[in-house]
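Notes for the one structure printed next.
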Amino acid sequence: MSDQARAVAERVLENMSRVMVGKREALELAIVTLLSQGHALIEDVPGVGKTMLAKSLAKSTACSFKRIQFTPDLLPSDITGVSVYNQRNGDFEYRPGPIAAQVILADEINRATPKTQSALLEAMEEHQVTVDGVTYPMPRPFMVMATQNPIEYEGTFPLPEAQLDRFMVRIRLGYPSMPDEITVMERQEHGHPIDTLGPVVEPRDLVEAQEGVRNIYVDPLVKQYIVSLVDASRKHEAVYLGASPRGSLALFRTCQARALLQGRDYVLPDDVKVLAEATLGHRLIVKPSARMREVTGSSVVQEIVASQPVPGARSPAARLGERPAGAQT
């Protein structure tokens, strides 16, 4: 099962690379999030490919795709859908909104009011929406990819802590290198690669891969390491609100998915170190006095990772005594 799941992930990764040039780390993080059944917040300046990341993921997996352009006048019912009275049969019928798709692009999510933003909470956490007292399940797989511009704040509404905590990871794309930017220009000389991008896996393959992630072994020492990082974030002098237990679970699950993507059936402490900033940084609320010193959630996580002792890593076979455990630092 793990070999099949890794093959699925690799096919999606290579296909997305046809559109996203030089962004393998961000692509891997997006696929890890999808395999972990989580949601991603893509935070970066305009024009670096945030929308293309979501569209290429949906096209590569044959998943249904919906884009929601968040604006101040957007209503919650514009997202979740409404119940409409059918005069023919004398009953109300549910007309699903754009949330009822497999890959959702919530574009510029911080431009909508908090009331509208909250329409995503139930769908992201419980994979369902409730309209007029009736609950409707979301399709599988289901992933919300939200974008926001970290530079422009005029006319925006900062995401509340409850909303940020529901995003499993935060992805930053950054500007491409000069050779990569030249490659982007050459590939789009006669058309955009996204127009010819086809699916390489089916949604059912992704669902099976998501189930395979849960079978990746995590040693008790690695679990303790994850919790120690999260606990340190709550006690840090610059932090007003540390990571929640949902943050621990997010780091735990993404480490399993990364191990699968790397071809391992067990998690290493290195997986935790690589994913800690992406999964925990956006969850920390820094004190105002620390923000004045330009301290951010990401810098706090980097400091914690550098200061916490790293345990040894044992594969399942090593733990059972079939071969000696090798320390990984």
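Where a number appears in this text, it was derived from the coordinates with a stated rule and is not lab data. From a predicted model like this one, the values you see are computed outputs, not experimental measurements. Neighbour counts are summed over all protein chains in view; Cβ atoms, including those assigned to glycine, are modelled from backbone coordinates with ideal geometry.
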Positive-end residue, segment 1-215 charge dipole about Cα centroid, Cβ charges, pick of Val45, Thr33, Ala101: Ala101
Could you state the angle between the C-alpha long axis of helix 245-261 and the longest principal axis of the C-alpha atoms of the chain, as a value from 0 to 90 degrees rounded to the nearest 10? 80
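Relative contact order for segment 216-318 using alpha-carbon pairs under 8 Å, separation at least 6, rounded to a whole percent? Walk me through the numbers on the way to the answer.
Numbers: 152 pairs, mean separation 38.7, N = 103.
After rounding, I find 38 percent.
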Could you give the angle, 0 to 90 degrees to the nearest 10, between helix 203-213's Cα long axis and the longest principal axis of the Cα atoms of the chain? 30
Let me know the charge dipole size of the chain about its Cα centre in debye, to the nearest 20, where only the beta-carbon of Lys, Arg (+1) and Asp, Glu (-1) is charged. 580
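So which of Lys66/Lys115; Lys59/Lys223; Lys235/Lys273 end up more than 25 Å apart, counting from Cα to Cα?
Listed pairs above 25 Å: Lys59/Lys223.
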Could you let me know the centre-to-centre spacing of segment 152-195 and segment 71-88, using Cα atoms, in angstrom? 29
Among [x] 184; [y] 137; [z] 167, the entry that matches volume of the Cα convex hull per residue in Å³ as calculated here: [z]
How would you order 79-87, 7-15 from highest to lowest mean count of nearby Cβ atoms within 10 Å? 7-15, 79-87
Degrees between helix 220-235 axis and first principal axis of the chain (Cα, 0 to 90, nearest 10): 70
Select from Lys23, Lys235, Lys50 the residue whose mean-square fluctuation is largest in a Gaussian network model of the chain (Cα-Cα springs shorter than 10 Å). Lys235
Eligible aspartates and glutamates near Lys287 by straight Cα distance, threshold 13 Å, same-chain separation 8 or greater: Glu237
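I need to check one value: relative contact order of segment 1-215, counting alpha carbon pairs closer than 8 Å and at least 6 residues apart, in percent. It would help to have the intermediate numbers written out before the result.
Numbers: 380 pairs, mean separation 74.9, N = 215.
After rounding, I find 35 percent.
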Towards the positive end of the charge dipole of segment 201-241, with charges on Cβ (+1 Lys, Arg; -1 Asp, Glu), say which of Pro220, Ala238, Gln210 has the farthest Cα. Ala238
Farthest toward positive dipole pole in the chain [+1 Lys/Arg, -1 Asp/Glu at C-beta], among Pro311, Val301, Pro160: Pro311
